[in-house]
Amino acid sequence: MSQLLDIVTTAAILYAVAAGLLIVFGVMKIINFAHGGFLTVGGYSALIVTELGGNPWLSLPFALVVGCVLGMIVERLVVRPLYARPLDAILATWGLGIILGQLITLYFGREVQFVESPVKGAIEFAGASYSQYRLILVLLAVAIAVLLGLVLNGTRLGLQTRAVIMNENLARGLGINSGLVRFITFSLGAGLASLAGALITPLSSVDPNMGVPWLVSAFMLVLVSGMSLVSLALACLVLGGAQVLVSTYGNPILGGLTIVVLAALILRFRPQGFARE
Amino acid sequence: MSSVPAAPAAPAPAAAARRRSSVRLVLGFSAAALVLVAIGPAILPDFMVNNLIRAFLYAVVALTVDILWGYTGILTFGQSAFFGIGAYSAGLIFTHMGFTFEHAALAFSAGIVVSAAVAALVGWLAFYQGASPLYASVVTLVLPIIVAQVLYSGGNFTGSSSGLSGFESFDIEMHTWFWIAGTFLVIVTAGAWMFVRSDAGRVLVAIRENEARCEYLGIDVSRVKILLLVVTAVIAAIAGYAFASVQMVVAPEYAGFVFGTELVIWVALGGRGTLIGPVIGTLLIDVSTAYLSGDLPYYWKLIIGVAFVLVIVALPRGIAPLVTRLFRRARKGGEAAQDSPALRKAQEEPFAGLAGGGHHAIALAGVRKHFGSLQVLEGIEFTAQRGELLSLVGPNGAGKTTLMRCLADGAERSAGSVLINDHDIARAPPCQCVAFGVGRKFQNANTFDALTVAESLRIARTRLEAPSLWTRAGSLDLPDAALKVMQATGLDQRLGMQVRHLSHGQKQALELAMVLALEPSVLLLDEPTAGLTKQERTQIGQILTELTAKHGLCVLLVEHDLDFVREISSRVIVLHQGRIVLDGTVTDVVESELVRTIYAGGGAMSARLA
């Protein structure tokens, strides 16, 4: 039972981490390698809130806002000139991740620090004792997925976004301001990354390089998901599940490689991954 | 035969002289660099000498990144893994078996063999037919992550996270190591320099510019990339071996993904695709890091990060081109003109360079193509013989271009069989279909923008004449038909011009000449004369009829201009809504009521059929 919960909670965490990367990739066809940096920013946002004595729950909206604002600045200055050069965009955003990491190091130091968890302890769930916070994370990940789905499918901005995803030139020809859609998308993606950073810090700790392993996993998950939030959920369950199983029955180091290796193999033999076409 | 001079032979001596001067330039630079390496230890402080040894070896790896990324367009994060493999083969063998000369040789060979094997495996995974560039980058990203994790999990055997240190190694002075590493760097740089400027090196640029066109010119792009990866992996592994031998320490970080990205950063800052830029970039940054990381460790890395982002955004070609531009301006822009070889007529067994002369030139049975539920082609069956000029006509959306695709790439059709010169193409990739005799010209001019006219034609000859790895040939042998197309359109006067500066019509003509240079026996032409003048069009028409009449080619032509079709075709196939509705002579088609209604409008057609 607790293994099943491990799988579900791992998938939920992966989903929260990868969602922001996915929408940026979907709309802008750009892999945002600063995603790990934004995640780290979120972790340190949570640290700031709890250090100042705020309620740990406050760190979530705070991280979201910090991430969004940072995303806006970055989109204007760095990402916008690189729309036509996707491989260069990977590099520039990676460089940005380095900059964020160094700025954080300069201010906070490079040591590992711990953030207070909003809820502590375990609860009885379906006959097993399980970490309360991890269970709450599942609810939050579902909430993120539902909200993103609603925005994409229920609002005018969502409609325009989907139009840009399908055919940007046509969308522009129809009078959609695709630059604005990109701007909002990137900012939202950065916000989600930062939010995810704040969400995962109570489970581990913060340090200036905490984002890198998450970035790699999220990147692979997005590649096998195509552009769909639904297939991302599926990919998180399958690959996250495999990771949990390999870590339990194999060894943790192999477990850490599960997602990257499986994703690379899946793409080799089925380039569309978990997407339908 | 071969004595027929085709075009201005004048550029030849000049080109030869320039080539010689280019060789002299490399030799001169190398000699100067070797002198610096020789006197280095005597004039530099010891700290600097030590750091430069390491930087020399890093620069060698950076060069391999530049070849892969800057020249061939493969963004790789994985060269660190090969460096690590070389380093660990020395570290592991010296630690566990002790240092002897036999063991040193064993470790050296092990590093080479293991890195080559890993590179071949990675290449097979990353560069399959139709792989996207992003996928290849993903695989190169996964590789160092795996290698580093394997090293972490190796326990006492690999030393886990602290790595291996304190093993015995070559009993060589630092000064001598400086000479060894420096000479190694100079040799690799000079070799790479010769290679990228050779005819073979141009193939890499052609792949970067237009991979699909290379495939359709019969170049097995996957194989070229895998070979290139294996060679660069071995070079990186040798650098890693030397690194472990001189530093007597190895750690998983040297095989990891972060080091892989650092290599990319150095190359980008120095200037991708310039060789010398990445070398200088690596030396400067690595040595500065050694000096500055003590005083301002985080600021220095921050500065590198900022510089990297700025360069990627504002100066994608790096710093080196800026410097060379200044240098060029100082010399008053001397070498603007590209060297161009003399055109010569190829020694031709008339178009027998490829498998030819089958029972049927083309034979299709039951060919079908659908995209999801959309039927594009249905039940296509026909045969064509040598010497036929077969035109494929039909309104837009009839499936003409799709049919062309199915003939030139085995992976395209959904069902049915395609035989070219009696070879079943099965699922053969385009480069294999070229070997069966297919030459395909695309609908839109499909060329190499960054290459010159002469270089493009040389690429087209790659399949028939293996290109030199070190030099550029002084002459370019082309079959008669290709030469005639060049002369008819004036391209023979523009051999040294970059393709991007040609007009649309000239690009069309160049692509046709490139396809003819393949010496195909089945020629697929998708609107070959779009964008040409009436006169050029007539000349091309003459060349095509001559090809079929004199050389026995089978030409399959897609054209909208029915007058042109009428003038040159020996047979016409009318395609409508994915089916063959008529297959006959020109007169049959001209007199056909059916064809008139198809072109007049689909509605009338369906009414008639109903």
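The values are calculated or read from the model by the stated rules, or taken from the named source; none is laboratory data. As the structure is a computational prediction, the values presented were derived from the model and not from experiment. Neighbour counts are summed over all protein chains in view; Cβ atoms, including those assigned to glycine, are modelled from backbone coordinates with ideal geometry.
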**Report entry** Residues (within 9 Å of B:Leu263 (Cβ to Cβ) and away from chain A (no Cβ under 14 Å)) located in segment B:47-81
**Finding:** B:Tyr58, B:Val61, B:Ala62, B:Thr64, B:Gln79, B:Ser80
Report task. Mind listing whichever residues of segment B:474-512 are of a type in the set (A, V, I, L, M, F, W, C), under 17 Å from B:Phe448 (Cα atoms) and part of a helix (DSSP H, G or I)? Result -> B:Met486, B:Leu491, B:Val499, B:Ala509, B:Leu510, B:Leu512
Requested in this report: Could you please let me know if B:Gly78 is crowded, with 21+ Cβ neighbours inside 10 Å and modelled with pLDDT under 95?
Outcome: yes
Requested in this report: Might you let me know whether segment B:440-458 holds any residue that is over 30 Å from B:Met194 (Cα atoms), under 22 Å from the mean Cα position of the chain (by Cα) and of a type in the set (Lys, Arg)?
Outcome: yes
Query raised in the report: Given A:Arg172, A:Arg268, which one is of a type in the set (D, E, K, R), out of contact with any strand residue (DSSP E or B) (no Cβ under 8 Å at 6 or more places or on another chain) and away from chain B (no Cβ under 14 Å)?
Result: A:Arg172
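Residue-by-condition table, conditions (1) in a strand (DSSP E or B); (2) among the β-branched types (Val, Ile, Thr):
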site: B:Ala365; (1), (2): yes, no
site: B:Thr402; (1), (2): no, yes
site: B:Leu419; (1), (2): yes, no
site: B:Ala426; (1), (2): no, no
site: B:Val434; (1), (2): no, yes
Query raised in the report: Failed condition for B:Leu296, given (1) of a type outside the set (S, T, N, Q); (2) at pLDDT below 90; (3) over 30 Å from A:Asn209 (Cα atoms); (4) surrounded by fewer than 17 Cβ atoms within 10 Å (Cβ to Cβ), with all others met?
Result: (3)
**Report entry** Options A:Gly273, A:Gly255: the member that is in a loop (DSSP other than H, G, I, E, B), in contact with a helix residue (DSSP H, G or I) (Cβ under 7 Å, 6 or more places away or on another chain) and within 13 Å of chain B (Cβ to nearest Cβ)
**Finding:** A:Gly273
**Report entry** Output for segment A:13-22, where each listed residue is surrounded by 24 or more Cβ atoms within 10 Å (Cβ to Cβ) and of a type in the set (A, V, I, L, M, F, W, C)
**Finding:** A:Leu14, A:Ala16, A:Val17, A:Ala18, A:Ala19, A:Leu21, A:Leu22
Query raised in the report: So which residues in segment B:239-281 are in a helix (DSSP H, G or I), among the β-branched types (Val, Ile, Thr) and over 25 Å from the mean Cα position of the chain (by Cα)?
Result: B:Val246, B:Val258, B:Ile280
**Report entry** Residues (at negative phi and small (Gly, Ala, Ser)) located in segment A:91-148
**Finding:** A:Ala92, A:Gly95, A:Gly97, A:Gly101, A:Ser117, A:Ala122, A:Ala128, A:Ser129, A:Ser131, A:Ala141, A:Ala143, A:Ala145
Query - Test for B:Gly318: is it at pLDDT 85 or above, under 24 Å from the mean Cα position of the chain (by Cα) and more than 9 Å from chain A (Cβ to nearest Cβ) - result: no
Query raised in the report: Among the residues of segment B:543-566, how many are under 21 Å from B:Ala408 (Cα atoms) and either in contact with a strand residue (DSSP E or B) (Cβ under 7 Å, 6 or more places away or on another chain) or hydrophobic (A, V, I, L, M, F, W, C) (or both)?
Result: 10
Query raised in the report: Do any residues in segment B:296-309 that are more than 7 Å from every other protein chain (Cβ to nearest Cβ) have Cβ atoms under 7 Å from those of residues that are at pLDDT below 90 and surrounded by fewer than 18 Cβ atoms within 10 Å (Cβ to Cβ), where the two are at least six apart or on different chains, and which pairs are they?
Result: B:Trp300/B:Thr289; B:Trp300/B:Leu292; B:Trp300/B:Ser293
Query raised in the report: Somewhere in segment B:52-59, is a residue in contact (Cβ under 8 Å) with a residue 24 or more places away in the chain and either more than 27 Å from B:Leu229 (Cβ to Cβ) or not assigned by TED's automatic domain parsing to the domain that holds B:Gly281 (or both)?
Result: yes
Requested in this report: Tell me which residues, restricted to segment B:44-68, are over 23 Å from B:Thr176 (Cα atoms) and either of a type in the set (S, T, N, Q) or modelled with pLDDT under 95 (or both).
Outcome: B:Thr64
Query raised in the report: Mind checking which residues of segment A:91-131 are exposed (fewer than 13 other Cβ atoms within 10 Å of the Cβ), within 14 Å of chain B (Cβ to nearest Cβ) and in a loop (DSSP other than H, G, I, E, B)?
Result: A:Gly109, A:Glu111
**Report entry** Hits in segment B:169-216 (condition: in contact with a Cys (Cβ under 9 Å, 6 or more places away or on another chain) and of a type in the set (Gly, Ala, Ser))
**Finding:** B:Ala206
Query raised in the report: Would you say A:Thr248 is at pLDDT below 90 and crowded, with 23+ Cβ neighbours inside 10 Å?
Result: no
Report task. Report yes if A:Ser205 is polar (S, T, N, Q), under 22 Å from A:Phe25 (Cα atoms) and modelled with pLDDT under 90, otherwise no. Result -> no
**Report entry** Conditions (1) surrounded by fewer than 23 Cβ atoms within 10 Å (Cβ to Cβ); (2) within 14 Å of chain A (Cβ to nearest Cβ); (3) touching a helix residue (DSSP H, G or I) at 6+ places or on another chain (Cβ under 6 Å); number of the one not met by B:Leu263
**Finding:** (1)
Query raised in the report: Does segment B:135-145 contain at least one residue that is within 14 Å of chain A (Cβ to nearest Cβ), more than 30 Å from B:Leu518 (Cα to Cα) and either part of a loop (DSSP other than H, G, I, E, B) or over 25 Å from the mean Cα position of the chain (by Cα) (or both)?
Result: yes
Query raised in the report: Can you find even one residue in segment B:537-555 that is under 27 Å from B:Asp449 (Cβ atoms), at pLDDT 90 or above and touching a helix residue (DSSP H, G or I) at 6+ places or on another chain (Cβ under 9 Å)?
Result: no
Requested in this report: Could you run through segment B:490-528 and say how many residues are at pLDDT below 85 and buried (at least 24 other Cβ atoms within 10 Å of the Cβ)?
Outcome: 1
